Amino acid sequence: MALTRAQIETVLIARCGGKMTVAGLDGATHDGNNADLVDPISASLFEMGYQLDIGTVTDSVLSIVEGNRISEFLDRAERRCLENISGNIDTVNIALGPRREDLNQLAEQVEKAIARLEKKILLRYGDAPLVGDTIRLDFQEKNEDYV
């Protein structure tokens, strides 16, 4: 059974819809036309090694995700969606005399959820971050004459 964009959006809205709405994103539309879910869907496909034109996520594009890769795709899309939410939250904690409003709790919850998902993706799917380093081959010609 091939995935449809509406199905993916329904799952992502179920997982992140409330937080999306608070962050000013569309957390309700799941008919296959939610513009705020294009980035999470396409970014997760890129992470999994699929190539596509960014901004054009159609049902035919999603048909390449099959079998046990579906859950990986959904987890990666959820993580990217939470990252987008985190970038759009602009609430801060406010204290005025004895009155205090902790409005930044959602941002903290989202960051913890991202960390949990990253750990889950690493454990389940073996995703390792790229690490840069150097290789020393020692090809330089050396002078053995010591004076």
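The values are calculated or read from the model by the stated rules, or taken from the named source; none is laboratory data. Values in this document were obtained by computation on a predicted structure and should not be read as measured data. Positions of Cβ are backbone-derived with ideal geometry, glycine not excepted, and every protein chain shown enters the neighbour counts. Protein only, heavy atoms only, side chains kept; ligands, DNA and RNA dropped before computing areas. Shrake-Rupley method; radii C 1.70, N 1.55, O 1.52, S 1.80 Å.
Taking all protein chains together and rolling a 1.4 Å probe, V61 ends up with roughly 30 Å² accessible. Restricting segment 1-100 to GluC sites (Glu not before Pro) that sit in a DSSP loop and have at most 15 other Cβ atoms within 10 Å of their own Cβ leaves E66. Simple point charges give the picture: +1 on the Cβ of Lys and Arg, -1 on the Cβ of Asp and Glu, and for the chain a dipole about the Cα centre of about 680 debye.
Model label points for R69 and L122, set 7 angstrom from Cα along the Cα-to-Cβ axis, are 2.4 nm apart.
A simple spin-label model places pseudo-atoms 7 Å from Cα toward Cβ; at Y50 and K112 they are separated by 3.2 nm.
Once the trypsin sites (Lys or Arg not before Pro) in DSSP loops with at most 15 neighbouring Cβ atoms within 10 Å are cut out of the chain, the longest remaining piece is 1-135.
Per the Debye formula on identical point scatterers at the alpha carbon atoms of segment 3-116, with no solvent, log10 I(q)/I(0) at q = 0.12, 0.16 Å⁻¹ is -0.44, -0.71.
Stretching the chain fully between D102 and A35 yields a gain of 21.1 nm (0.36 nm per residue, less the alpha carbon separation). Extending 7 Å from Cα along the Cβ direction at E144 and again at T10 yields two label points whose distance is 7.6 nm. For the chain, the longest piece that avoids every one of the chymotrypsin sites (Phe, Trp or Tyr not before Pro) found in DSSP loops with at most 11 other C-beta atoms within 10 Å covers 1-138.
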